[in-house]
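Here's the structure we're looking at; comments come further down.
The values are calculated or read from the model by the stated rules, or taken from the named source; none is laboratory data. It should be emphasised that the depicted structure is a prediction, and the values quoted were computed from it without experimental measurement. Quick reminder, even Gly has a Cβ in these numbers, built from the backbone with ideal geometry, and neighbours come from all protein chains shown.
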Amino acid sequence: MFFGTTNLDLCFNVERLPTPGESLMGSLKQNAGGKGANQAVAAARLGLRPSFYTRLGDDDAGRSLLQALREAGVRLDAIEVCPGEISGSALVLVGDDGSNMIVIDPGANANVTPSMVEKAAEFIERDAIVVAEMGMPVPALNHLFALKSVKEFDLIFNPAPVRAGLSPAAWRSVDFVTPNQTEAFELTGVEVHDFDGAAHAAGKLLDLGPKAALITLGAQGAYYADASATFALRAFPVKVVDTTAAGDAFNGAFAASLAHRLPIREAIKKALAVAALCVT
């Protein structure tokens with residue numbers, strides 16, 4: 001089951017990212033997005049029919065997003081449609097080199113409470129895999145993570161965007177923490193430019209309490225560490241068109257691979273393959 005955000009993405013393709021004060025011409029397309037939604041859809045495309053908890057406004061954007069999730073094969077039972085609130089949205093600028101800039105208005109995503117999470121947790125199946133990202137309010141995340149001892153699920157935590165306030169007990173409940181290079185730096189103070197930096201940062205992440213750290217390094221690949229094993233895996237070489245949602249595709253594929261009982265190393269390889277397809 002996935003817990004996270006859903007946004008209507010307004011994506012502008014531009015020749016290059018603008019400098020402050022500059023106006024550029026570009027082409028616009030609208031997509032369903034949000035980290036939680038992207039992750040759930042990635043898992044659905046790999047053969048799962050995942051449940052997903054998110055909040056949508058009772059507006060045109062929300063109805064469009066709900067339909068997109070339905071068509072992708074995501075189960076809608078746990079989704080809240082909220083009268084009087086607006087759906088989340090994101091403005092995404094994508095340069096010809098695949099780089100991007102993103103600004104988000106969280107809308108209904110910002111109003112998740114612990115009691116809402118408690119209700120949604122009824123949809124967590126025993127021995128399930130739960131994936132959570134940090135777009136949800138931190139008190140709601142702390143409550144979700146505390147439910148692990150009752151619901152007995154494996155927890156994948158994608159700490160994006162990084163925010164303060166996650167409790168020590170919450171960190172100890174995490175089975176896999178999956179930051180990218182920037183998020184790993186924000187959490188540990190260790191710069192991650194290569195696998196050596198990732199190894200150092202992974203050690204710091206494990207000190208926070210999770211059982212395993214899995215750091216993604218974009219075109220370089222991914223680095224994994226737990227109490228008994230460490231290894232690095234290279235990314236698949238591809239021509240990058242757009243890096244938007246690559247990390248989400250990775251996390252969704254990693255969760256789906258674990259649900260299909262793949263060993264950790266093979267699950268990460270599959271996630272890297274899916275991320276490579278996402279950016280091409």
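Remarks
- Region 1-40: number of residues that are surrounded by 13 or more Cβ atoms within 10 Å (Cβ to Cβ) and either within 16 Å of A108 (Cβ to Cβ) or in contact with a Phe, Trp or Tyr (Cβ under 9 Å, 6 or more places away or on another chain) (or both): 19
- Selection over region 136-188 of residues that are free of Cβ contacts under 8 Å to residues at least 24 places away in the same chain and closer than 26 Å to A246 by Cα gives a count of 3.
- Strands (runs of 3 or more DSSP E) enclosed by region 76-132 - at least 1 residues per element that are touching a Leu at 6+ places or on another chain (Cβ under 9 Å) and either exposed (fewer than 14 other Cβ atoms within 10 Å of the Cβ) or at pLDDT below 95 (or both): 88-94, 100-105
- No other residue among A222, A212 is touching a Phe, Trp or Tyr at 6+ places or on another chain (Cβ under 7 Å), hydrophobic (A, V, I, L, M, F, W, C) and either within 18 Å of G36 (Cα to Cα) or crowded, with 20+ Cβ neighbours inside 10 Å (or both) apart from A212.
- Being loosely packed, with under 15 Cβ neighbours inside 10 Å and touching a Pro at 6+ places or on another chain (Cβ under 8 Å) is not true of R234.
- In region 173-189, residue nearest to A222 (Cα to Cα) [restricted to those that are among the β-branched types (V, I, T) and surrounded by 17 or more Cβ atoms within 10 Å (Cβ to Cβ)]: T178
- Residue list for region 152-182, restricted to those being under 16 Å from the mean Cα position of the chain (by Cα) and assigned to a helix (DSSP H, G or I): Q181, T182
- Given (1) more than 30 Å from P139 (Cβ to Cβ); (2) in contact with a Cys (Cβ under 8 Å, 6 or more places away or on another chain), index of the condition E15 fails: (2)
- Set side by side, the residues V130, V103, V92 differ, and just one is touching a residue at least 40 places away in the same chain (Cβ under 8 Å), of a type in the set (V, I, T) and over 23 Å from R172 (Cα atoms), which is V92.
- Of all residues in region 47-75, those that are β-branched (V, I, T) and surrounded by fewer than 16 Cβ atoms within 10 Å (Cβ to Cβ) total 0.
- Within the span defined as region 11-23, every residue fails to be under 23 Å from F157 (Cβ atoms), β-branched (V, I, T) and either within 18 Å of the chain's Cα centre (by Cα) or assigned to a strand (DSSP E or B) (or both).
- Test for A44: is it touching a residue at least 12 places away in the same chain (Cβ under 8 Å), crowded, with 19+ Cβ neighbours inside 10 Å and under 20 Å from F250 (Cα atoms): yes
- When region 133-151 is filtered for residues that are more than 24 Å from A249 (Cβ to Cβ) and either assigned to a loop (DSSP other than H, G, I, E, B) or of a type in the set (S, T, Y) (or both), the ones remaining, listed by number, are P137, L147, S149.
- Counted residues, region 77-106 - those being hydrophobic (A, V, I, L, M, F, W, C) and either closer than 17 Å to M136 by Cβ or more than 18 Å from the chain's Cα centre (by Cα) (or both): 9
- Candidate set: region 28-58, residues that are hydrophobic (A, V, I, L, M, F, W, C) and assigned to a loop (DSSP other than H, G, I, E, B); chosen: the one nearest to L93 (Cα to Cα): L46
- Summed over region 49-64, residues that are in contact (Cβ under 8 Å) with a residue 40 or more places away in the chain and more than 17 Å from the chain's Cα centre (by Cα) total 5.
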